[in-house]
Each structure stands twice: as structure tokens, then as C-alpha cells.
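The values are calculated or read from the model by the stated rules, or taken from the named source; none is laboratory data. These figures come from a predicted structure and were not determined experimentally. Every residue, glycine among them, receives a Cβ derived from its backbone with ideal geometry; neighbour counts consider all protein chains shown.
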Amino acid sequence: MHSNIRFYRRGDLSHHRTLQHLPLQERRHWCVECGQGFCRGALLAVHIAKQHESHNEWRHECEQCRERYPTLDNLRAHQRLHHIPESQYPLCCPECPRRFFQSRLLQEHFLESHISPKGWPYACTSCGKRYVRRYACVQHERTHQGGSAVSQFSWTT
């Protein structure tokens, strides 16, 4: 089974696969309604809110577009993505004009865009290839075990 989702960066695809397509033995949080498993409790909570609660019960409404969300964090993420221009994000890259709303995203951008891969923090234990994100390294390492990290998913640049 695979998703019909397009990703604009390979890192986004790796992140999606890590969160959504884990082997059953790696899932620790299970939905009692439908039996779907998740690697994180927070993902289970979002699943329950989206799949098993009525949208009318979602309390957090966006003032600009009237979309409703189950949690305040979901609403804030929506607002940052759709209603706040990048020029108003509080964190600025010291090397280029890009701006970010999370320090983690700024750090990943800085490493990917302005630092040689030799300085990236995660390295494959089999071949030494380096990554900015741990989950991307984990996905890559699975290819050395006979698996495929991205073959069944589509992505674009």
C-alpha cells in the first residue's frame, strides 16, 4: 500500500514514510476504534480527532477562513502555513533571506543549504553517507538491509 501524495523534498518523503508506513512491530500506539497503529501518541490523537470525531466538535476555528481544527496546535500550524507570510516569520537565516517560524527548521535549512554534507550530523553506519535528519538516515540505512527507502512513492523537486 502506498500514498498518492507528492512531496517536494526527499526529506519530506522520508519523514512521511517514517511516520505513516512503519512496520507493524514498530507501532506502539493503537486506535481502539479502527485498529490503526502509530509510532507516536500525538499522531494517534490527531487520527482520532480527524477520523472519529465530528468536525462540528472541533473547537478551534481559523478567523481568516473558518476552517476548524481539533487542537490549538493544529490551528496554529494551519495559520503559519496559510495565513502568515514568510517575511513575518521571527527567525532569519544568517546567510540568506529565508525566514522560519521554528528553530529546528532554520537549523535544518542552514545545514542543508550552507554547510557541506561533511558537517551533517547523521551518518549511515554502512556507507558513511551523511544526513541532516535522523529519520532520513534511518530510511537510507534500511536500503542496506534489502529494503527500499523511496521506490514506491512519488516525489518531485
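Taking residues in segment 76-91 that are more than 22 Å from ARG66 (Cβ to Cβ), and partners anywhere that are not in a loop (DSSP other than H, G, I, E, B), the pairs with Cβ atoms closer than 7 Å and at least 6 places apart or on different chains are GLU86/ARG99; SER87/ARG99; TYR89/ARG99; TYR89/PHE100; LEU91/ARG99; LEU91/PHE100; LEU91/SER103; LEU91/LEU106. Residue count for segment 75-114 satisfying the condition of being part of a helix (DSSP H, G or I) and of a type in the set (D, E, K, R): 6.
What are the residue pairs meeting all of these: first residue in segment 55-70, first residue modelled with pLDDT under 80, second residue of a type in the set (Asp, Glu) and part of a loop (DSSP other than H, G, I, E, B), Cβ atoms under 7 Å, and 6 or more apart or on different chains? Between residues of segment 55-70 that are modelled with pLDDT under 80 and residues that are of a type in the set (Asp, Glu) and part of a loop (DSSP other than H, G, I, E, B), the close pairs are PRO70/GLU53.
Entry remark, segment 134-152: residues being part of a loop (DSSP other than H, G, I, E, B) and either on the phi > 0 side of the Ramachandran plot or at pLDDT 85 or above (or both) number 2 in total. Checking ARG10, ARG28, ARG6, ARG40 one by one, the residue that is more than 17 Å from GLN139 (Cβ to Cβ), basic (Lys, Arg) and either modelled with pLDDT under 75 or within 17 Å of the chain's Cα centre (by Cα) (or both) is ARG6 and no other. Each residue in segment 61-103 was checked for being out of contact with any Lys or Arg (no Cβ under 9 Å at 6 or more places or on another chain), surrounded by 11 or more Cβ atoms within 10 Å (Cβ to Cβ) and among the basic types (Lys, Arg), and 4 pass.
The requirement of being at pLDDT below 85 and over 22 Å from the mean Cα position of the chain (by Cα) is not satisfied by TRP155.
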